[in-house]
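Everything on this sheet refers to the single structure shown next.
Values in this text are rule-based calculations from the coordinates and carry no lab data. Keep in mind that this is a model prediction, so the values were computed, not measured. With ideal geometry, Cβ positions are generated from the backbone for all residues, glycine too; neighbour counts draw on all protein chains shown.
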Amino acid sequence: MLKLLVLFFTTTALLPSSAVKAADGKSLYRSLTCIACHGKEGRGKVRRRDRINKKTGKYKYRKGDPMSGFKDYPKLSCQHAKYLVAQMNDIFSGARKGGKTKAMHGVRDMVLSTAKPGDFEAIADYLSKVRPCGQE
């Protein structure tokens, strides 16, 4: 039994920290409600199928088009981790004054009260490794 415990702790210590950080980043991305505006895996909120107008026969929207109300929210996947961390810090500190940062005020208090040091880095690490870099 002791050998099994020693083996367990030595092998878990050998796991790459970036793999653990990315797994944590994925769960944090979902639990801190980032997914609500930035979409699954940070690829943006996009239409999943085509819709054709029955009267005219023309496309109302196409698969991959941004959902109404979400086209101004940035796609976060495949961005550099340092850039994402800098943007998150600027948004939550109030230093960033553009774009849709007013929408962030609704979740700001919740995120700041629940996020721990290193959470932004874990989310950024996860988003920087999402592949492929296209839409959902």
(request) Search the structure for amide H atoms under 5 Å from the amide H of residue 47, placed 1.01 Å from N in the peptide plane, and list their residues when 5 or more places away or on another chain. (result) 64, 65, 67
(request) Could you rank the peptides 84-90, 51-57, 67-73, 41-47 by their average count of other C-beta atoms within 10 Å per residue, with the highest value first? (result) 41-47, 84-90, 67-73, 51-57
(request) Mind giving me the nanometre distance, one decimal, between the label points for residue 89 and residue 35, set 7 Å out from Cα along Cα→Cβ? (result) 2.8 nm
(request) Would you mind checking which residues have amide H under 5 Å from residue 61's amide H? H placed 1.01 Å from N; only 5 or more apart, or other chain. (result) 51
(request) Using θ = phi - 60° and the Karplus relation 6.51 cos²θ - 1.76 cosθ + 1.60, list the HN-Hα couplings for the range 126-132 in order, rounded to whole Hz, with x at every Gly or Pro. (result) 4, 5, 5, 9, 5, 9, x
(request) For the range 61-67, take each phi angle, set θ = phi - 60°, evaluate the Karplus expression 6.51 cos²θ - 1.76 cosθ + 1.60, and give the result in whole Hz per residue in order, putting x for glycine and proline. (result) 7, 10, 4, x, 5, x, 5
(message) Please list, in order along the range 82-95, the HN-Hα scalar couplings obtained from phi with the Karplus expression 6.51 cos²θ - 1.76 cosθ + 1.60 (θ = phi - 60°), rounded to whole Hz, x for Gly and Pro.
(response) 4, 5, 4, 4, 4, 5, 4, 4, 5, 5, 7, 8, x, 6
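Please report the net charge: other residues with Cβ closer than 13 Å to the Cβ of residue 31, K and R +1, D and E -1.
Numbers: positive: 26, 30, 116; negative: 24, 119.
Around residue 31, the charge tally is +1.
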